[in-house]
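The values are calculated or read from the model by the stated rules, or taken from the named source; none is laboratory data. Treat the numbers as computed from the prediction; the structure is a model and nothing was measured. Cβ: placed from backbone, ideal geometry, glycine included. Neighbour counts: every protein chain shown. What goes into the accessible areas is simple: the full protein's heavy atoms, side chains included, and nothing from ligands, DNA or RNA. Shrake-Rupley method; radii C 1.70, N 1.55, O 1.52, S 1.80 Å.
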Amino acid sequence: MGLLVLPEIILARLFGAEAPSRKIHVAQIGCGRMGHSDLGNTLTEPLARVVAVCDVDAKRLAAGKQMAEDFYLGRGEASVAIKAFHDYRDVLASPEIDAVIISVPDHSHALIAIEAALAGKHIYVQKPVTYSIAEAIALRKVVEAKKVILQTGSQQRSERPWKSFRAASEAVRNGRIGQLKTIKIGLGLDRASRKKPAPQPVPKALDYERWLGSAPEQPYMEGRVHPQDSPSGRPGWITTEDFGLGIITNWGAHHVDIAQWAMAQELGGPLIVDAQAEFFKNDLVTVHGAYHVELQYPKNIRVMLDNKYPLGIRFEGDDGWVFCTRSDDGTGQPSFQSSDKKILSPLDANAVRWLPSRTHHGNWLESIVANHPPIAPIQQSARSLEACAAAWISMKLKRKLTWDATTESFIGDDAANALRDRPARKPEYDFAAAMKKAGLT
């Protein structure tokens, strides 16, 4: 899996004589759609004790606090008091908190995660791990410097709820389909809204200034943020390019991650990036629409992403193929097929095997206690983001690009390299300024 820097932080509370509960104190930052899911998954983990929630939307903050308190009261505790924070910096300043889960919009992942690492907190951050390539490189640097545990929310690497991705990628990595030739990835497609955007008054419950963060200045539009009438409703920022790059990083971060894992490129990347896409105009949706992406990897492996492909990943080799997806047949069993059932038969004792990971949040917590890298570390999730963001840059520039995985930059292309980063709207939201202040430039 590559050489990873091990964290030094060992939580004394977990091992000392005055630690009967042996719990990791966790704060949930972002209590919306994915935050609701992350919080629910963490509450059930025996190693965790959720002690705080944080959100810039008072409605979502109240919902997250209520969810955590109801969980502990429901299992018989007489009294529960979950702390509620408006500002994530107050979370990071609390010595009571050992670890944070970051489930905010993509454009705010990097700054919060970087400041969390600088504060010595262990981190679970949703995928894509960052918005930009420069942010991913910076986050990796600070995590390694501060030696904290960071788990990326690439839950397809864990056994629950989908074993198919682990089984298929292990089979490919161990040569079960012969020499890998082609990988076809279906991510689905974002669709245009019929509703035109229009500026609106900012709701009293929302601190829009903090929500906007590093993104370009713009008026508030509910359809580009998140629904006010649903604490866990699907947010519009997902299809707004200022806040996320669209399906290429949203779902691409999941499937490209598994593809690179399977072909032993989890610490590498493509050589050539050639992507075409349509972009929505004058609509509520501003990300790309229909797309076709071709990535050329070492050993002449061709990776293709297309909105017309079935959702999932199809690996093709000279001895057969295997396909994995999240879909199921109604029985609750994950769906994966192969050209020959022997491809997915048990592996030999000396085969390359992925580290055990029953649940993704559980693996993160176990990694903190055991002081070892998690199943989806920043060293690898940064590379998955780079491949997806490089495809987006190729889409924007409408030309083929040459990527150097060693320098993590494009070869001989200033315009492409400029798109690896984005200037922050204000200095207080600039991740590079936080790095410089910490002496990590």
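The smallest convex shape that holds all Cα atoms of the chain, its convex hull, gives 156 Å³ per residue.
Each of Lys400 and Ala351 was given a label point 7 Å from its Cα along the Cα-to-Cβ line. The distance between the two points is 3.7 nm. Taken one residue at a time, the phi angles of the range 199-215 give Karplus couplings (6.51, -1.76, 1.60, θ = phi - 60°) of x, 9, x, 6, x, 4, 6, 10, 8, 5, 4, 6, 4, 5, x, 7, 5 Hz. Gly and Pro are set to x.
Scanning the chain for GluC sites (Glu not before Pro) in DSSP loops with at most 14 other Cβ atoms within 10 Å, what's the longest stretch left with none? By the stated rule (loop sites, at most 14 other Cβ atoms within 10 Å), 218-441.
Restricting attention to the chain, close to 60% of DSSP beta bridges with both partner residues there are antiparallel. With a Förster radius of 30 Å applied to the C-beta separation of Ser230 and Glu77, the computed FRET efficiency comes to 0.60. For the range 45-73, list residues with backbone N below 20 Å from a point placed 7 Å from the Cα of Val369 toward its Cβ? Zone members listed by number: 45-52, 72.
In order along the range 126-142, the Karplus-derived 3J(HN,Hα) couplings, from 6.51 cos²θ - 1.76 cosθ + 1.60 at θ = phi - 60°, round to 4, 8, x, 4, 9, 7, 10, 5, 4, 5, 4, 5, 5, 4, 4, 4, 6 Hz, and Gly and Pro are given as x.
In the chain, the DSSP-assigned H stretches of four residues or longer account for a calculated mean residue ellipticity at 222 nm of -9000 deg cm²/dmol, using -39500 (n - 2.57) per stretch and the full residue count as denominator. Each Cα pair under 8 Å and six or more residues apart adds its separation to the average, and for the range 346-441 the resulting relative contact order is 12 percent. In this label model, Ser37 and His86 are separated by 3.0 nm, measuring between points 7 Å along each Cα→Cβ vector. Highest GNM mean-square fluctuation among Asn300, Asn371, Asn417, for the chain modelled with Cα contacts below 10 Å: Asn300.
Here the extension length gained between Glu217 and Asp413 equals 67.8 nm, from 0.36 nm per residue of separation less the Cα-Cα distance. Under the combined filter of DSSP loop state and at most 16 neighbouring Cβ atoms within 10 Å, the range 163-267 retains these trypsin sites (Lys or Arg not before Pro): Lys163, Arg191, Arg194, Lys195, Lys204.
Each Cα pair under 8 Å and six or more residues apart adds its sequence gap; the mean of these over the residue count of the range 242-381 is a relative contact order of 14 percent. In the context of the full set of protein chains, residues of the range 306-441 present 50 Å² of accessible surface per residue (probe radius 1.4 Å, heavy atoms only). At a Förster distance of 56 Å, what's the computed FRET efficiency of Asp70 paired with Lys299, Cβ-Cβ distance as r, to 0.05? For R0 = 56 Å, the calculated efficiency reads 0.60. The amide H of Ile123, built 1.01 Å from its N in the peptide plane, has Val100, Ile149, Leu150, Gln151 as neighbours under 5 Å, considering only residues 5 or more places off or on other chains. Once a ≥ b ≥ c are taken as the square roots of the eigenvalues of the Cα gyration tensor of the range 246-347, is the result rounded (a/c under 1.5), prolate (a/b larger than b/c) or oblate (a/b not larger than b/c)? Note, shape of the range 246-347 comes out oblate. Rounded to the nearest whole Hz, the Karplus-based 3J(HN,Hα) values (6.51 cos²θ - 1.76 cosθ + 1.60, θ = phi - 60°) of the range 38-52 follow the sequence 4, 4, x, 5, 6, 4, 7, 7, x, 7, 9, 10, 6, 10, 7, with x at glycine and proline. Normalised by the number of residues in the chain, the mean separation of alpha-carbon contacts (under 8 Å, six or more apart) gives a relative contact order of 21 percent.
Using 1/(1 + (r/R0)^6) with R0 = 56 angstrom and r between the beta carbons of Arg326 and Tyr208, what's the FRET efficiency to the nearest 0.05? Approximately 0.95, to the nearest 0.05. Put simply, the amide H of Thr240, placed in the peptide plane, has neighbours under 5 Å in Thr286, leaving out anything fewer than 5 places away on its chain.
Arg420 sits among other residues whose Cβ lies under 15 Å from its own Cβ, and their net charge, with Lys and Arg +1 and Asp and Glu -1, is -2.
Once you reduce the range 163-234 and the range 77-98 to the center of their Cα atoms, the two points are 27 Å from each other. Across the accessible surface of the range 74-147, with the other protein chains kept in place and a 1.4 Å probe, carbon and sulfur atoms take up 51 percent. Relative to one another, the C-alpha centroids of the range 288-357 and the range 401-441 are positioned 32 Å apart.
Stretching the chain fully between Asp421 and Lys342 yields a gain of 23.9 nm (0.36 nm per residue, less the alpha carbon separation).
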